[in-house]
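*Asks:* Right, I'll just put the structure down here and ask away after.
Just so it is clear, none of the values below were taken in a lab; they were calculated from the coordinates. As the structure is a prediction and not an experimental result, all values here were calculated from the model. Heads up, the Cβs are rebuilt from the backbone with ideal geometry, glycines too, and the neighbour counts pull from every protein chain shown.
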Amino acid sequence: MKLKLLLLIFALSSTIILADGGSNYSIFGIGDLNKSSGPSYESMAGTSVAMPLETAINLNNPAMWSYNTSTRFQVGYRFNQNLVSDANQSLYQNNGKIDGFHILFSIDTSIGLSSGLGLFSNSSQNYYVSSPLDLTIDSIRASGKTLFQGTGGITSMYFGLSVKPLNFLSIGLQGKAYFGVSDDIVRSLFNENYTFESLSRQNRSFKGGSFRPGISLLFENFTFGAFYETSPTMTSKNTTTYYSSLNKDTLFTSSTEFAIPSSFGIGLSYLTGKFLIGFDYKAQNFTNFNFKKLNNVEYTNGSNISLGIMRYGSTMAGSSLLDKISYKFGAGYNKLYYKVNGKDIDEMYGSLGTSIPMPGTGVLELSLTIGKRGTTNDGLIQEIFAKLGVCVSIGDVWFKPFKREFE
């Protein structure tokens, strides 16, 4: 009850103080959702459901693995910079982290048989904010501030297969295990000498699982792709601790279950000359979401629309380095999965990036995404963000196509 009350104070407040953190909107629900597949696709605004890239591992649609012709190892790093503003002030906050580990085994290229495994961040929370505190109880007034800090998130570990039973058809399936921890701290500081500091800390551990089938259809220069992910039922083990200068620590433990909604996405791409143009639509309906609910927060249907363009680099011997580099651009719109004070929280962003060839089949991927989330109106928060992604993808031929004899 105390934690919900303090979170409500934050949501209704228009004064923000922030430090080393990420998006303050990640305080809601399960935090920020990661719908992309690393810098290779983030440079095209996350457009990936029907984008056949031979040197990248697609996390959105496992059917696209059949387009890879070499075994690949991929690891990346992401740095986030946010400028957070309300009606009175603007301050910066930032964070950085490893952006997943992935391996794709190209087993038999003649039938597009591939197997992938890895782990990546499915959602994350990283906020640090402050709201003013002004209370009057039995004619006694107390003023100060409440600090809110949250870290952690949910990680996905996946394993899957893809195959191409027909020249124009690829199918794939991922099995996903969810796990992770989150830590939410609420600290109240008062100005008056007759008051005392109090702090509550809620630690949660998560686990669950789901499946994600995908499909890809190739018609001349057009590629159609789609995926659907089942709804995982998550188990959350909670430990809540209250501290104050008057009382000893008070500890409560509990276990709850909640469901992350199912999701789906469709995409279309077109190859013309050196250019690959793609479009994605992804959706996830949180209307009946029952985790971390607050009176002034309404969960709703979240969706994403994106457009991506890639100019393939030259593979001709003797080409200059600039001509061998692939250049990527994109733009997108996110309708986030919650409303605050009855207002939709939207996000618009643009991206660019490059794929720089390395010796052998290696590729260095760079991406930069810049966008805006929210507004300073109606007591809400506006975030202008920049995300820098770096990824190294190394490929090698481990398997040869199986020999087949036909009578």
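*Asks:* Just how far, in whole angstrom, is segment 38-85 from segment 143-189 if you go by their alpha carbon centroids?
*Replies:* Segment 143-189 and segment 38-85 have Cα centres separated by 16 Å.
*Asks:* What do you get for GluC sites (Glu not before Pro) in segment 160-253 restricted to DSSP loop and a cutoff of at most 11 other Cβ within 10 Å of the site's Cβ?
*Replies:* Glu192, Glu220
*Asks:* Grab the DSSP H runs of the chain that are 4 residues or longer, score each as -39,500 (n - 2.57), total them, divide by all residues and round the 222 nm result to the nearest 500 deg cm²/dmol.
*Replies:* -1000 deg cm²/dmol
*Asks:* Charges at C-beta only: +1 for Lys and Arg, -1 for Asp and Glu. How large is the resulting dipole of segment 237-312 about its Cα centre, in Debye rounded to 20?
*Replies:* The calculation lands at about 220 debye.
*Asks:* Counting other Cβ atoms within 10 Å of each Cβ, which trypsin sites (Lys or Arg not before Pro) in segment 245-353 have at most 16 and sit in a DSSP loop? It would help to have the intermediate numbers written out before the result.
*Replies:* Working: sites: Lys248, Lys274, Lys282, Lys292, Lys293, Arg311, Lys324, Lys328, Lys335, Lys339, Lys343; in loops: Lys248, Lys274, Lys292, Lys293.
Here the trypsin sites (Lys or Arg not before Pro) that fit, given the DSSP loop and packing criteria, are Lys248, Lys274, Lys293.
*Asks:* In degrees between 0 and 90, to the nearest 10, how far off the longest principal axis of the chain does helix 2-12 point, with axes built from Cα atoms?
*Replies:* With both axes taken from Cα atoms, the answer is about 80 degrees.
*Asks:* In whole Å, what is the distance between the alpha-carbon centres of segment 220-238 and segment 289-329?
*Replies:* A separation of 17 Å, based on Cα centres.
*Asks:* Then there's this: Write down the Å³ per residue value for the convex hull defined by the alpha carbon atoms of segment 44-127. List each step's numbers first, then the result.
*Replies:* Working: hull volume 9.0 nm³, N = 84.
Cα-based convex hull of segment 44-127, divided per residue, equals 107 Å³.
*Asks:* I've got another one for you. Can you list the aspartates and glutamates whose alpha carbon sits under 16 Å from that of Lys35, skipping same-chain ones fewer than 8 residues off?
*Replies:* List returned: Asp99, Glu229, Asp280, Asp346, Glu347.
*Asks:* With θ set to phi - 60°, apply the Karplus curve 6.51 cos²θ - 1.76 cosθ + 1.60 along segment 373-384 and write out the HN-Hα couplings as whole Hz, x wherever there is a Gly or Pro.
*Replies:* Ordered by residue, 3J(HN,Hα) equals 10, x, 8, 8, 7, 6, x, 9, 10, 10, 10, 9 Hz.
*Asks:* In units of 2.2 N^0.38 Å, what is the alpha-carbon radius of gyration of segment 253-407?
*Replies:* Segment 253-407 yields a ratio of 1.45.
*Asks:* Percent relative contact order of segment 241-317, based on C-alpha pairs within less than 8 angstrom and at least six residues apart?
*Replies:* Values: 105 pairs, mean separation 20.3, N = 77.
Result for segment 241-317 is 26 percent.
*Asks:* May I ask you to list the aspartates and glutamates whose Cα is less than 16 Å away from that of Lys237, ignoring any residue fewer than eight positions away on the same chain?
*Replies:* Asp183, Asp184, Glu257
*Asks:* A follow-up question, please. Pull up all non-local amide H partners of Ile154: gap of 5 or more, or a different chain, and H-to-H distance under 5 Å with H placed in the peptide plane.
*Replies:* The list, which skips near neighbours in sequence, is Asn122, Ser123, Ser124.
*Asks:* Same structure, new question: So, with +1 on the Cβ of K and R and -1 on the Cβ of D and E, and no other charges, what is the size of the charge dipole of the chain about its Cα centre, to the nearest 20 debye? Mind dumping the intermediate values first?
*Replies:* On the way: 33 positive and 29 negative charges, 68 e Å.
Charge dipole of the chain: 320 debye, to the nearest 20.
*Asks:* Next up: With a 10 Å cut-off between alpha carbons and a GNM built on the chain, which of Asp134, Asp108, Asp346 moves the most?
*Replies:* It is Asp134.
*Asks:* Take every Cα pair under 8 Å in segment 308-381 that's 6+ residues apart, average their separations, divide by the length, and report that relative contact order as a whole percent. Let's see the in-between values first.
*Replies:* On the way: 122 pairs, mean separation 17.5, N = 74.
Worked out over segment 308-381, it gives 24 percent.
*Asks:* On a 20 Å Cα-Cα criterion, which of the cross-link pairs Lys324/Lys387; Lys339/Lys372; Lys145/Lys339 come out too long? Don't skip to the end; give the middle numbers.
*Replies:* Working: Lys324/Lys387 25 Å; Lys339/Lys372 16 Å; Lys145/Lys339 25 Å.
In this structure, Lys324/Lys387; Lys145/Lys339 lie more than 20 Å apart at Cα.
*Asks:* Moving on to the next point. Given 37 °C and 0.692 mPa s, compute D for segment 94-133 with the Stokes-Einstein relation, Rh being the Kirkwood radius over Cα pairs; round to the nearest whole µm²/s.
*Replies:* Stokes-Einstein gives a translational diffusion coefficient of 234 µm²/s.
*Asks:* Here is a follow-up. Which option, (1) 1.15; (2) 1.06; (3) 1.04, is the value of Rg/Rh (Cα atoms, Kirkwood Rh) that was calculated from these coordinates?
*Replies:* Step by step, Rg/Rh (Cα atoms, Kirkwood Rh) for this structure corresponds to label (3).
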